[in-house]
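As structure tokens, the structure follows; a few thoughts come after it.
The values are calculated or read from the model by the stated rules, or taken from the named source; none is laboratory data. It should be emphasised that the depicted structure is a prediction, and the values quoted were computed from it without experimental measurement. No Cβ is skipped: glycine too gets one built from the backbone with ideal geometry, and neighbour counts run over all protein chains shown.
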Amino acid sequence: MTVAARDLAAVVAGVGATLDQAAAHVDALCGAVAAALDALPAGVAGDARAQLADLRQAFTGVVAQLGGMLAAAGDPDALRAAGAAWTGEVGAPLSRLVGVASDDVLETDDRWAGPAADAYRATFPPQQTALAAVVATCQEVDATLGDLAAAITTFWIAIGTACLGLVLALAGALGSAATVVGAPAAAGMALAGVGALVAAGSSALSSLGVVTTAATARGAALDRRLADSSAFPLGAWPRSTHGISTQARDWQPR
């Protein structure tokens with residue numbers, strides 16, 4: 001299932017808004033916990049204050065990392081459009097030529113004989129092979145760009161879900177942060193929520209990395225295909241009519 005550009009834009013915007021909401025929760029929680037810790041023994045308060053410092057540091061790191069990603073969130077629709085252009089504007093016309101580059105279609109057997117006619121007919125199979133190789137390459141480009149588009153979309157949906165989970169965790173921690181009993185645990189709960197977001201983000205980024213690595217490998221395979229001498233002798237397009245005799249004696253009507 002694909003997500004329209006406007007929907008993905010909403011997901012990305014939602015990630016930014018959710019992070020802002022989480023930041024407000026972190027500030028409120030730290031203030032409430034710090035105030036409640038003033039009534040606790042120094043040993044207990046010290047551990048909780050250390051967790052507050054860890055919470056702020058961890059959350060600041062997450063915001064910085066996601067902020068950079070949000071600035072370059074990607075454009076799945078542009079990738080899909082580029083893939084469609086390869087198949088529609090390049091692959092489709094060439095695919096039609098594959099069927100046309102045939103002795104049967106051009107009726108050369110019916111009209112001409114002789115050395116030049118034979119040489120001309122011999123150019124058809126290499127032309128078909130080369131055209132088919134380009135058509136297959138266009139299809140692979142389309143598939144690769146489509147996979148990247150889907151991976152970007154999946155990545156941001158996963159990040160958005162994880163950010164929402166963080167907000168819920170922070171809200172739960174904030175509910176008990178102002179009490180003397182709940183304050184020490186609240187900081188730990190919030191820190192665990194940030195840790196869950198980091199883990200989810202790492203998992204989503206890893207999945208995205210797998211797809212981009214696969215895309216790189218497919219790109220290299222396409223380069224090898226286009227360099228294949230069976231389709232492109234000596235790295236060039238196979239000879240068509242160039243060099244075929246135009247002497248009348250080499251073209252004999254049937």
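What pairs can you find where one residue is in the stretch 128-147 and within 14 Å of residue 228 (Cα to Cα), the other is acidic (Asp, Glu), and their Cβ atoms are less than 8 Å apart, with a gap of 6+ or different chains?
Once the first residue is within 14 Å of residue 228 (Cα to Cα) and sits in the stretch 128-147, its partners that are acidic (Asp, Glu) give 133/228.
Only one residue in 103, 77 is over 24 Å from residue 22 (Cα atoms), at pLDDT below 75 and not hydroxyl-bearing (Ser, Thr, Tyr). Which one? Before you say what the answer is, go through the steps one by one.
Details: 77 fails: at pLDDT below 75.
Just a single option satisfies the conditions, and that option is 103.
I'm trying to understand the selection: among the residues of the stretch 132-143, which are closer than 12 Å to residue 92 by Cβ and surrounded by 17 or more Cβ atoms within 10 Å (Cβ to Cβ)? Steps first, please.
Keep residues of the stretch 132-143 that are closer than 12 Å to residue 92 by Cβ, which gives 134-135, 138-139, 142.
If the condition is that a residue be closer than 12 Å to residue 92 by Cβ and surrounded by 17 or more Cβ atoms within 10 Å (Cβ to Cβ), then 134, 135, 138, 142 are the ones that fit.
Regarding residue 181, is this residue of a type outside the set (Gly, Ala, Ser) and under 13 Å from residue 62 (Cβ atoms)?
Details: of a type outside the set (Gly, Ala, Ser): yes; under 13 Å from residue 62 (Cβ atoms): no.
It is false that residue 181 is of a type outside the set (Gly, Ala, Ser) and under 13 Å from residue 62 (Cβ atoms).
Scanning the stretch 26-43 for residues that are loosely packed, with under 12 Cβ neighbours inside 10 Å and aliphatic (A, V, I, L, M), which turns out modelled with the highest pLDDT? Working first, answer last.
Of all residues in the stretch 26-43, those loosely packed, with under 12 Cβ neighbours inside 10 Å come to 38-39, 41-43.
Checking which are aliphatic (A, V, I, L, M) leaves us with 39, 42.
Details: 39: 73, 42: 66.
Ranking the candidates gives 39 first.
For residues in the stretch 63-89 being in a helix (DSSP H, G or I) and among the charged types (D, E, K, R), which is farthest from residue 151 (Cα to Cα)? Write out each step before concluding.
Of the stretch 63-89, the ones in a helix (DSSP H, G or I) are 63-71, 76-89.
The next check asks that each one be among the charged types (D, E, K, R); those that pass are 77, 80, 89.
On the way: 77: 12, 80: 12, 89: 25 Å.
Among those that are in a helix (DSSP H, G or I) and among the charged types (D, E, K, R), it is 89.
Please tell me if residue 206 is loosely packed, with under 12 Cβ neighbours inside 10 Å, under 30 Å from residue 53 (Cα atoms) and out of contact with any His (no Cβ under 8 Å at 6 or more places or on another chain). Working first, answer last.
Values: loosely packed, with under 12 Cβ neighbours inside 10 Å: yes; under 30 Å from residue 53 (Cα atoms): yes; out of contact with any His (no Cβ under 8 Å at 6 or more places or on another chain): yes.
Spelling it out, residue 206 is indeed loosely packed, with under 12 Cβ neighbours inside 10 Å, under 30 Å from residue 53 (Cα atoms) and out of contact with any His (no Cβ under 8 Å at 6 or more places or on another chain).
Restricted to the stretch 144-164, and to residues that are touching a Gly at 6+ places or on another chain (Cβ under 7 Å) and among the small types (Gly, Ala, Ser), which residue is surrounded by the fewest Cβ atoms within 10 Å (Cβ to Cβ)?
Across the stretch 144-164, the extreme among qualifying residues is 146.
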